[in-house]
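Report on the following structure.
The values are calculated or read from the model by the stated rules, or taken from the named source; none is laboratory data. Treat the numbers as computed from the prediction; the structure is a model and nothing was measured. Virtual Cβ from ideal backbone geometry, glycine too; neighbours counted across all protein chains shown. Side chains are part of the model used for accessible areas, which takes the heavy atoms of the whole protein and leaves out ligands, DNA and RNA. Shrake-Rupley method; radii C 1.70, N 1.55, O 1.52, S 1.80 Å.
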Amino acid sequence: MEFNVKSGQLEKQRTGCLVIPVYESKHLSAQAHKINEATQGYIAQLQRRGDLTGKQGHWLLINHIDGIAAERILLLGCGKEGEIKEYQFRELMLKMMLALNETAAQDALLCITEIPVKERDHCWKIRQAIQAYHFATYRFDEFKSKAEPQRRHLQRILFHMGNRKEVTYGERAAQEGQAIVQGMEIAKNLANIPANICTPSFLADKAKKFAKQHPKLNCAILDEKQMQALNMGLLLSVTAGSQSDAKLITMEYRGAHKETKPIVLVGKGITFDTGGNSIKVPPHMIGMKYDMCGAATVFGVLSAALELALPLNIIGVIPSCENMPGPDATRPEDIVTSMSGQTVEILNTDAEGRLILADALTYCERFHPDIVIDIATLTGACSLALGPYPSGLMSNTQELADALYNAGMQSGDTVWQLPLWDEYHEALKSEFADFSNVPISSIGAGTIVAGCFLAKFTQKYQWAHLDVANTATYSSGPKRGATGRPVPLLVQYLINRCQA
Ligand code: BES
Ligand code: MN
Ligand code: ZN
């Protein structure tokens, strides 16, 4: 799908389908008014007859009307005149895209930037519309022996801009939107692949292929022997029960000067989480192929950075292994030395994400990072705390937390900060090691305690932690699978960084 912008007189636009907003009131939007004039009052007639209600999300498709060049017009009901809420705009865009997909139009011109949404500009609306198209049409049928045939006529979507001056920044918004949905698609496709195929080696191969395609991207893979040499005891303790080889994947994107300190993104890449010897009950194991959504996010964000040629240096680091039980697997109460030298008493082998991340975060020191952000499906408790809306955010630098919060509000891919106070750190005290990976007796606040564990390995740089256990997959409702979050959040953060 191709997205772009266009300006010019509506009635003269040659397009497969023109989308025009209409309201419940008889008053016509500026665009509807133009079409009404060009068609000798046809729109007003439809309103009088009662065929055109203008109710939010309702629409009417009309074909081949005298007086206008477009083959079809989709009259899109926007409800009562006046501002609509952001989520209502998103729903509206989704309904519009589903309707457009049902037509035989090969291209469409959408007049949606004038729909009033509180404090949202044209760029935001264009990007949300592009994301709605992605949401409406995404399928993952790689593993169906016979893919269901799909009706897909649309090739190109254009957004109509009121005047020529707006075209330049509208174009940029379309580019950004396209880069974001491409990144989301990469993340979703990777995450949806089952764990019998998506192994740590599979992810490493993807990274190598990805780097081969892009001259600005380099990739290096560490195997278990090399991890041993680096004393990554925690990562190795998690992979101990698995037949698959662990990998530490590094992808480097150079978009800025050599000397510019990099932004490092660390993604949890557990390709399957059984819980290990602290084994999960079967219902809790469903969905654990998605325990590499953090890793998938890193791929998606790097793809968007490449697509937009962001003038930044970005390094993706992915510790990847399986968490399996078995004779060689780590036992509860084992004590292991981390790459940082700190010793950890592993009281629960199901709290494995923080272990592999800890060594990966120590490894990041060698990049002399400007900032480090880790992304992880880390705790089920994050769903209890926040439901499916914002991802959990924790940070040792308030400025960074604020920047991520703002990027969340801008992109609609939101985050909510949780505290990392000393009181919570107390819960990880161990009788026998420097600390344990979970409290010996729970204090609740599982998401925060996990964040505190990571904080013990990130003292040398500015760091933020995103717990996406509640947002990276659909948790309820008819949809199953990866959401592509938090790709929009991180791409927005990076775009903002370029403007600062
Ligand atoms: N991968 C899970 C977290 C998770 C749970 C993600 C549900 C998505 C949905 C993580 O490794 C885990 O098992 N966490 C434990 C931590 C506990 C042992 C302290 C959890 O959340 O139960
Ligand atoms: Mn686990
Ligand atoms: Zn896990």
- Query: Within segment 346-360, restricting attention to residues that are in contact with an Asp or Glu (Cβ under 9 Å, 6 or more places away or on another chain) and outside any helix (DSSP H, G or I), which residue is farthest from ligand 3 (Cβ to nearest atom)?
  - Reply: LEU347
- Message: Exactly one condition in (1) assigned to a strand (DSSP E or B); (2) within 16 Å of ligand 1 (Cβ to nearest atom); (3) open to solvent by 10 Å² or more (accessible area, probe 1.4 Å) is false for PRO388; which is it?
- Response: (1)
- Residue list for segment 474-489, restricted to those being under 8 Å from the mean Cα position of the chain (by Cα) and either modelled with pLDDT under 95 or farther than 10 Å from LYS188 by Cβ (or both): PRO486, PRO488, LEU489
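For the subset of segment 259-296 comprising residues that are away from ligand 1 (no atom under 14 Å from the Cβ) and touching a residue at least 40 places away in the same chain (Cβ under 8 Å), which member is nearest to SER201 (Cα to Cα)?
VAL266
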- Task: Look at GLY241 and say whether it is open to solvent by less than 50 Å² (accessible area, probe 1.4 Å) and either touching a Cys at 6+ places or on another chain (Cβ under 8 Å) or over 24 Å from THR349 (Cα atoms) (or both).
- Result: no
- Message: Looking only at segment 335-365, count every residue that is more than 16 Å from ligand 1 (Cβ to nearest atom), under 26 Å from the mean Cα position of the chain (by Cα) and open to solvent by 10 Å² or more (accessible area, probe 1.4 Å) and tell me the total.
- Response: 3
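Which residues, counting only those in segment 361-383, are assigned to a helix (DSSP H, G or I) and away from ligand 3 (no atom under 14 Å from the Cβ)?
LEU361, THR362, TYR363, CYS364, GLU365, ARG366, PHE367
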- Message: Show the residue pairs meeting these rules: Cβ distance below 7 Å; 6+ apart or different chains; first residue within segment 36-57 and assigned by TED's automatic domain parsing to the domain that holds LEU92 and polar (S, T, N, Q); second residue open to solvent by 20 Å² or more (accessible area, probe 1.4 Å) and assigned to a helix (DSSP H, G or I).
- Response: ASN36/TYR42; ASN36/ALA44; GLN56/GLN88
- Message: Looking at segment 266-303 only, could you name the residues that are touching a strand residue (DSSP E or B) at 6+ places or on another chain (Cβ under 7 Å), open to solvent by 40 Å² or more (accessible area, probe 1.4 Å) and farther than 18 Å from SER383 by Cβ?
- Response: PHE272
- Item | Failed item, numbered, when TYR363 is tested on (1) under 25 Å from GLU431 (Cα atoms); (2) in contact (Cβ under 8 Å) with a residue 24 or more places away in the chain | (1)
- Query: Given the conditions (1) open to solvent by 60 Å² or more (accessible area, probe 1.4 Å); (2) free of Cβ contacts under 8 Å to residues at least 60 places away in the same chain; (3) among the polar types (S, T, N, Q), and given that SER201 satisfies all but one, which numbered condition is not satisfied?
  - Reply: (1)
- Task: Kindly establish whether ARG151 is closer than 26 Å to GLY77 by Cα and either of a type in the set (Gly, Ala, Ser) or outside any helix (DSSP H, G or I) (or both).
- Result: yes
- Task: Tell me which residues, restricted to segment 245-265, are more than 20 Å from HIS465 (Cα to Cα) and either crowded, with 20+ Cβ neighbours inside 10 Å or within 16 Å of ligand 2 (Cβ to nearest atom) (or both).
- Result: ALA246, LYS247, TYR253
- Confirm whether GLU345 is among the charged types (D, E, K, R) and in contact with a Leu (Cβ under 9 Å, 6 or more places away or on another chain). no
- Can you tell me which residue within segment 307-319, out of those that are open to solvent by 10 Å² or more (accessible area, probe 1.4 Å) and within 22 Å of HIS368 (Cα to Cα), is farthest from ligand 1 (Cβ to nearest atom)? PRO311
